[in-house]
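What follows is one structure encoded as structure tokens, with my remarks underneath.
The values are calculated or read from the model by the stated rules, or taken from the named source; none is laboratory data. Note that this is a predicted model, so its numbers are computed, not measured. Quick reminder, even Gly has a Cβ in these numbers, built from the backbone with ideal geometry, and neighbours come from all protein chains shown. Areas reflect the complete protein model, heavy atoms only, side chains present, ligands, DNA and RNA absent. Shrake-Rupley method; radii C 1.70, N 1.55, O 1.52, S 1.80 Å.
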Amino acid sequence: DEIFFKFKTKEALIIDNLFHKYNNRKISKWILNAINLKIESGELLGLLGPSGCGKTTLLRIIDGLIKPDTGTVLIDGNPITGPGEDRSVVFQNFGLMPWKNVLDNVKFALLLRKPELKEQHNEIARKYINIVGLAGFENHYPHELSGGMQQRVGFARALSIDPDILLMDEPLASVDAQTREILQEELLKIWGRNKKTVLFITHSIDEAVLLADRILVL
């Protein structure tokens, strides 16, 4: 027991007895019911399940965009009270601003989250553009990029603020099958280089098995 606790991996995220109800004028139902989860630091956890089971709702609760009805979410032992610099999200839709080029799209996250590093924004943005394999495309606009390249910009933007936890909401669902396979390999390379704690939502069992250290099924 002493050896186990000495070398135990640090828990980056703890969800304790979380409940959340979906409400509108026509329906009220518990979408998340007694969720208990621990994610280790540096772990890539796959979140798998059918549409409507609460995957994205859980991700938004972790990001601090939604407050659960009951239960606790802790990051490094601290309760989540809202969005924070320790978390970043990669969305299913690319979410790029069409009037900004690649460099400025990546820098936008830095302007919001790391304004104190303004003099370093160009350097930081170029570093992550290079990591995702888009060096040379800094001055291209979203309409000049393929879907896979646009999603790489999303990866670079999310990584640029150096979050502790990376939340990914089906980030490869909107690209074609060949590009999806390429981006899966790229994602594993990026994760291997940075070792961020990752929560990855997917509908694909194959994708979950390929990418994740562990899979949570809702």
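Miscellaneous remarks
- Listed here are the strands (runs of 3 or more DSSP E) enclosed by region 134-218 that have at least 2 residues being among the polar types (S, T, N, Q): 197-202.
- Matching residues in region 61-109 - criterion: being open to solvent by 50 Å² or more (accessible area, probe 1.4 Å), touching a Pro at 6+ places or on another chain (Cβ under 8 Å) and either free of Cβ contacts under 8 Å to residues at least 12 places away in the same chain or in a strand (DSSP E or B) (or both): Thr72
- Only a single criterion out of (1) surrounded by fewer than 16 Cβ atoms within 10 Å (Cβ to Cβ); (2) in contact with a helix residue (DSSP H, G or I) (Cβ under 8 Å, 6 or more places away or on another chain) is not satisfied by Leu112, namely (2).
- Residue match in region 124-140 (condition: closer than 22 Å to Ile61 by Cβ, in contact (Cβ under 8 Å) with a residue 12 or more places away in the chain, open to solvent by 20 Å² or more (accessible area, probe 1.4 Å) and of a type outside the set (A, V, I, L, M, F, W, C)): no
- Of all residues in region 20-35, those that are open to solvent by 90 Å² or more (accessible area, probe 1.4 Å) and assigned to a strand (DSSP E or B) total 5.
- If the condition is being open to solvent by 60 Å² or more (accessible area, probe 1.4 Å), of a type outside the set (Ser, Thr, Tyr) and either out of contact with any helix residue (DSSP H, G or I) (no Cβ under 9 Å at 6 or more places or on another chain) or in contact (Cβ under 8 Å) with a residue 60 or more places away in the chain (or both), then region 165-177 contributes only Ala177.
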